[in-house]
Amino acid sequence: MLVQALARYADDYLKDQLSDVAWEQKPVRWALEISRLGTFMASVQRIASVARGKKQVEVPMLMSVPRSPVNRNRGEHPLLGTDAIAYVLGPAPGR
């Protein structure tokens with residue numbers, strides 16, 4: 001009983017302290033399925049329908065992604081696999 005109470009307490013009050021500092025929750029609209037051999041299998045849309053007022057709005061689902069080790073506000077450190085492709089590869093030529 002004591003162990004169960006401690007586990008409940010940790011789940012309720014220590015959730016932020018127990019989370020892995022290398023990962024964070026971010027909204028992710030698309031996920032790519034890759035085989036064990038590294039070949040592309042499919043792209044999966046990850047959206048949920050949420051009621052906002054009287055409307056149903058589609059929002060990206062949360063997913064654990066690697067936390068960036070640096071401040072990325074200036075566009076200098078994109079993360080392949082977690083950022084938008086235009087942010088990772090840069091703008092198209094002529095833009």
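What does the C-alpha gyration tensor say about the overall shape of segment 21-89? Classify as rounded when a/c is under 1.5, otherwise prolate if a/b is larger than b/c, or oblate. Can you show the working numbers first?
Details: a/c = 2.01, a/b = 1.24, b/c = 1.62.
Verdict is oblate for segment 21-89.
Residues with beta-carbon under 14 Å from that of Ser43, excluding Ser43: net charge, scoring Lys, Arg +1 and Asp, Glu -1? Mind dumping the intermediate values first?
Details: positive: Arg29, Arg46; negative: Glu33.
Here the charged neighbours net out to +1.
Evaluate the charge dipole of segment 21-89 about its Cα centre and quote only its size in Debye, nearest 20, assuming +1 on the Cβ of each Lys and Arg and -1 on the Cβ of each Asp and Glu. Could you put the intermediate results ahead of the total?
On the way: 10 positive and 5 negative charges, 60 e Å.
Computed about the Cα centre, the dipole is about 280 debye.
Modelling each spin label as a point 7 Å along the Cα-to-Cβ direction, I'd like the Ile34/Glu58 distance in nm, to one decimal.
Taking the two extended label points, one gets 2.5 nm.
Quick note: the coordinates plus some simple rules give every number you see, no bench work behind them. Keep in mind it's a predicted model, so treat the numbers as computed, not measured. Cβ coordinates were reconstructed from backbone atoms using ideal geometry, including for glycine residues, and neighbour counts include every protein chain displayed.
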